[in-house]
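The block underneath contains the structure these notes are about, expressed in structure tokens.
The values are calculated or read from the model by the stated rules, or taken from the named source; none is laboratory data. The structure displayed is predicted, hence computed values, not measured ones. Ideal geometry is used to build each Cβ from the backbone, glycine not excepted, and the neighbour counts take in all protein chains shown. What goes into the accessible areas is simple: the full protein's heavy atoms, side chains included, and nothing from ligands, DNA or RNA. Shrake-Rupley method; radii C 1.70, N 1.55, O 1.52, S 1.80 Å.
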Amino acid sequence: MKTAVPCYYHLDVEVSPERVGQVSRILAAHLRYWDLETLVEPVCGGAELLLTAIDRHATDKNSSIEMWWNGQHLITAIGDNDRDLRPDQELRGCLEQIAATSDGWGCCATDTGSKVIWFSQRARAGERMPLVPTGPAPSLREVRQVPREIPAAALAAPATAPERVLEGAR
């Protein structure tokens, strides 16, 4: 069951090709700790896409990564400090893939001129196993055999006296 306790994680990193894999493993560990294993693949995949694009195109490689879990949605935000990196040009292919794999996404500018790209994933119910009916447990009491035969005299009794029908069946 998914935890309803809000969670937050923040990581500052200088992006390099070898750090992309390390950051992905760190994010996956936090998601597993929060009991969100179903979100590891889409979140880490989106983070890897963005960090790889920042590594290729940005001059300032310092980035911040944040994750918020509110009990229903996980929001992952990656902010860079490069004012020249434009999402509509260098990051277009990356953003198309994120849009295809996430429930929502966006990009916003900060006061310093840098940008934050975020995407959200909704926690889905886990795979459920079908319920298997169980047989009743054997009883040690003595019971009557079913079906019981009802004497014909009891069936001929008037309908206004149901207790007599039951007495005849016993």
> Just wondering, is there one or more residues in segment 15-28 that are part of a strand (DSSP E or B) and closer than 20 Å to Gln97 by Cβ?
Replying inline: no
> open to solvent by less than 20 Å² (accessible area, probe 1.4 Å) and more than 15 Å from Trp118 (Cβ to Cβ) - does that describe any residue in segment 69-91?
Replying inline: yes
>> If Thr59 meets every condition in (1) open to solvent by 40 Å² or more (accessible area, probe 1.4 Å); (2) among the polar types (S, T, N, Q); (3) under 21 Å from Asp103 (Cα atoms) apart from one, which number is that one?
In response: (3)
> Just one of the numbered conditions (1) in contact with a helix residue (DSSP H, G or I) (Cβ under 6 Å, 6 or more places away or on another chain); (2) within 15 Å of Ala123 (Cα to Cα); (3) part of a helix (DSSP H, G or I) is not true of Thr76; which one?
Replying inline: (3)
> Has segment 42-52 got any residue that is open to solvent by 50 Å² or more (accessible area, probe 1.4 Å), under 22 Å from Thr101 (Cα atoms) and in a helix (DSSP H, G or I)?
Replying inline: yes
> Taking interchain pairs and intrachain pairs at least six residues apart, which have beta carbon atoms under 8 angstrom, with the first residue in segment 47-72 and in contact (Cβ under 8 Å) with a residue 12 or more places away in the chain and more than 20 Å from Ala28 (Cα to Cα) and the second in a strand (DSSP E or B) and open to solvent by 70 Å² or more (accessible area, probe 1.4 Å)?
Replying inline: Lys61/Glu14; Asn62/Asp12; Asn62/Glu14
